[in-house]
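Undergrad: What follows is a structure written as C-alpha cells; I'll ask about it next.
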Amino acid sequence: MKILVTIDFSDITEKVLEQARRLASAMSGELCLIHVAEPHPDHIAYDYDPAAMYAIDPTEIRNNIAHRFQQEHKTLQKYADQLRSEGVNCKALMVQGDTVEVLLKEVEKMAIDFIVVGSHGKGVLSQLLLGSISESLIKKSPVPVYLVPADDATS
C-alpha cells in the first residue's frame, strides 16, 4: 500500500508523521512524504506598495526564497531519514505548484492508495470563504483521505 503524507512544516507535522508511521506499520505500507512549495517565487511581491517597489531587490527575494526551499527540502529529507531508521519504507518529494492540484496529480502518477493530511482546525468562516486543503482533498481525491485533527497536536 502506498501512502501519500502531506507535510507543511506546521505545528501538526509531528503528529501527522506519527500517524502515518503507525498506518504504514499496520498496513505494511510505503510512505511518500510530500511538501508542496508556493506556486511561483515571482509572485512574492504582489502585496507590496507599488511606490515602494524601487526598494525591493528581486535577486535578494529570489535568494531568500531559494534558501527557504533548501531548508524545507533538508527538513523533509530529515523526516524521511528518521522514518527509514525506524524501518519504514519512505521517500520524500518536494514540488512546487497549487497544493491540491499537485497532490492529486501525484496520487495518480505514483499510484497512491491512501492520503494522510493534517487539519489545522480553521474556523467555519475561514472554510466558507477560503476553503481548506484538507477539505478540497476529501472532496476531490480518488483515494481515501485520513485526516489528522489539529486539536491536541502536541500529544
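Undergrad: Could you list all residues from the range 131-155 that are at pLDDT below 80 and under 15 Å from the mean Cα position of the chain (by Cα)? Show your work before the answer.
TA: If we filter the range 131-155 for residues that are at pLDDT below 80, which is where we start, we get 131, 150-155.
The answer is Ala150, and nothing else.
Undergrad: Can you pull out every residue in the range 66-87 that is surrounded by 14 or more Cβ atoms within 10 Å (Cβ to Cβ) and among the small types (Gly, Ala, Ser)?
TA: Within the range 66-87, the subset surrounded by 14 or more Cβ atoms within 10 Å (Cβ to Cβ) is 69, 72-73, 75-77, 79-80, 83-84.
Listed by number, the list holds a single entry, Ala80.
Undergrad: Could you give me the residue pairs with C-beta distances under 7 Å whose first residue belongs to the range 70-86 and is among the β-branched types (Val, Ile, Thr), whose second residue is not in a helix (DSSP H, G or I) wherever it lies, and which are 6+ apart or on separate chains?
TA: Matching pairs, first to second residue: Thr75/Phe9.
Here's the yes/no breakdown for (1) part of a helix (DSSP H, G or I); (2) within 20 Å of Val16 (Cβ to Cβ):
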{"position": "Arg68", "(1), (2)": "yes, no"}
{"position": "Cys90", "(1), (2)": "no, yes"}
{"position": "Val95", "(1), (2)": "no, yes"}
{"position": "Glu101", "(1), (2)": "yes, no"}
{"position": "Val107", "(1), (2)": "yes, yes"}
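The values are calculated or read from the model by the stated rules, or taken from the named source; none is laboratory data. For clarity, every value in this text was computed on a predicted model and none was experimentally measured. Glycine gets a Cβ as well: all are built from the backbone with ideal geometry, and neighbour counts include every protein chain shown.
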